[in-house]
Amino acid sequence: MRRPEGFDPSAEGSEGIGQHEEAARPSSLRDRLAAARPRRSRAEPGRDPASEHVVSGPGDDTPTGPVPLPSSVAPGPASRVVSGVASRFAPRGAAPTTDRSEAGPEVPVGPGATSAGDTPRIEPAGGAEAARRRAAEARRAARRASGERRRSERIEVRRFTRRSRHRRAAWVTAGAVAVLLGSSVAVAVFSPLLSLEQIEVEGTARVDAVEVQAAVSGQLGTPLARIDFERITTELEQFPLIASYVTETAPPHTLVIRVTERQPIATVSSGDGFDLVDPAGVVVQRLDDRQEGVPLVDVGGAPLDGTAFRSTAEVLLALPQALRQTVDSATASTADDVTLSLSTGERVVWGSADDSAEKAQVLAGLIADQARRDPAASVEFDVSAPDNGIIRTR
């Protein structure tokens, strides 16, 4: 077996070295270990030169580095074998001759290696300040990229959910309108905030407005939307002078009643006085004396709701207002023989109430013609046949 260089079997400690004779490494392995060790020009501080020995590479006298020897091997020419290498190549079953806990510091292996306990440092290009700036810029760029990504995601979500959002907005709007309408109806129908507190009566001349208010005051406190108008009609029927009426609610608390009174169209003699009656024969007012401008109607004792009076009333209504004021009286025994007496002394044979509007136009023409020819003459106008008006001298 080949012995390492410098091996002296007679040297001190040869017995310990002899235990590992079979572990002697070949020259090729020794050359690789020698090339991997950094060369030392001087001993490191704190290292004992007496416990180290230099192993030279093949053909090179320059020492390549210290090799710690185990404490069991005495320094000398035979102790140049590396303890770690010797233990590595020891035969199986042989007891190790070295204790790594008692060995010296390990030899740094590889180019650029530092001593034990030193951490390799890589200095950044441009210094630490430039590295911090680059790191801050990288963080800012990452935040910008994250913000752009989130913005793009939101835009895409809006684009794909626009229809559903519009549909949801439409449903929400419809629901809000329905709730608002329902609330308004509930307030108007059931809430005392819109209850009846004041009644106003308009258009009365012969009818007492205070009596009308008292008649319908039973519904005070009722919400305006729940006023019983049929009850109001029943209560106002006790006033014969009211021909019609119109109600209007004025929120929050007012009811307005606009009354149309019955207008007298004729005067009817009744014993010791006179009654003003409307076209329906309803007595509007009782007077002791006859009222000027209202024709006196004589139907021969027939009832005021009979055909004779209704025909006479229809004839009077067909006359223009200016011509009606010139009528002094009207007589009729039936519905077909209505006769008018003018305040100027003329007499008008009218006949039935049929075609009263045309007859009124013919009568106005005849009166104008007679006034041009002989206004002082006493004449009679016959318009019973509207197609052929006649003027007769009396």
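The values are calculated or read from the model by the stated rules, or taken from the named source; none is laboratory data. The structure displayed is predicted, hence computed values, not measured ones. Here the Cβ is made from the backbone with ideal geometry for all residues, glycine too, and neighbour counts use every protein chain on show.
Segment 284-394 holds helices (runs of 4 or more DSSP H) entirely within its bounds, and those carrying 2 or more residues that are at pLDDT 90 or above and within 19 Å of Val268 (Cβ to Cβ) map to 307-318.
If you go through segment 176-219 and keep only what is touching a Ser or Thr at 6+ places or on another chain (Cβ under 8 Å) and farther than 30 Å from Leu287 by Cα, you end up with Ser195, Leu196, Glu197, Gln198, Ile199. Checking each residue in segment 251-279 for being without any contact (Cβ under 8 Å) to a residue 24 or more places away in the chain and either aliphatic (A, V, I, L, M) or more than 23 Å from Ala215 (Cβ to Cβ) (or both) picks out Ser270, Gly271, Asp272, Gly273, Phe274, Asp275, Leu276.
Evaluation of Val212 against the conditions (1) part of a loop (DSSP other than H, G, I, E, B); (2) in contact with a Phe, Trp or Tyr (Cβ under 8 Å, 6 or more places away or on another chain) shows that the sole unmet condition is (1). Only one of the numbered conditions (1) surrounded by 14 or more Cβ atoms within 10 Å (Cβ to Cβ); (2) at pLDDT 90 or above; (3) under 60 Å from the mean Cα position of the chain (by Cα) is violated by Ala280, and that is (2). Would you check if Thr312 is in the same structural domain as Ser384 (by TED's automatic domain parsing), within 24 Å of Ala364 (Cα to Cα), surrounded by 19 or more Cβ atoms within 10 Å (Cβ to Cβ) and of a type in the set (S, T, N, Q)? Spelling it out, Thr312 is indeed in the same structural domain as Ser384 (by TED's automatic domain parsing), within 24 Å of Ala364 (Cα to Cα), surrounded by 19 or more Cβ atoms within 10 Å (Cβ to Cβ) and of a type in the set (S, T, N, Q). Only one entry of Arg206, Arg226, Arg231 meets the criterion of being without any contact (Cβ under 8 Å) to a residue 24 or more places away in the chain, of a type in the set (D, E, K, R) and outside the structural domain of Val294 (by TED's automatic domain parsing), and that entry is Arg231.
Do the conditions hold for Val210, that is, is it out of contact with any Leu (no Cβ under 7 Å at 6 or more places or on another chain) and under 30 Å from Thr234 (Cα atoms)? For Val210, the condition - out of contact with any Leu (no Cβ under 7 Å at 6 or more places or on another chain) and under 30 Å from Thr234 (Cα atoms) - is met. Counting only residues that are under 23 Å from Leu224 (Cα atoms), outside any strand (DSSP E or B) and of a type outside the set (A, V, I, L, M, F, W, C), segment 236-266 holds 4 of them. The residue that is surrounded by the most Cβ atoms within 10 Å (Cβ to Cβ), counting only those in segment 194-206 that are modelled with pLDDT under 90 and over 14 Å from Thr249 (Cβ atoms), is Arg206.
Within segment 267-278, the set of residues being part of a loop (DSSP other than H, G, I, E, B) and under 15 Å from Phe309 (Cβ atoms) comprises Asp278 only.
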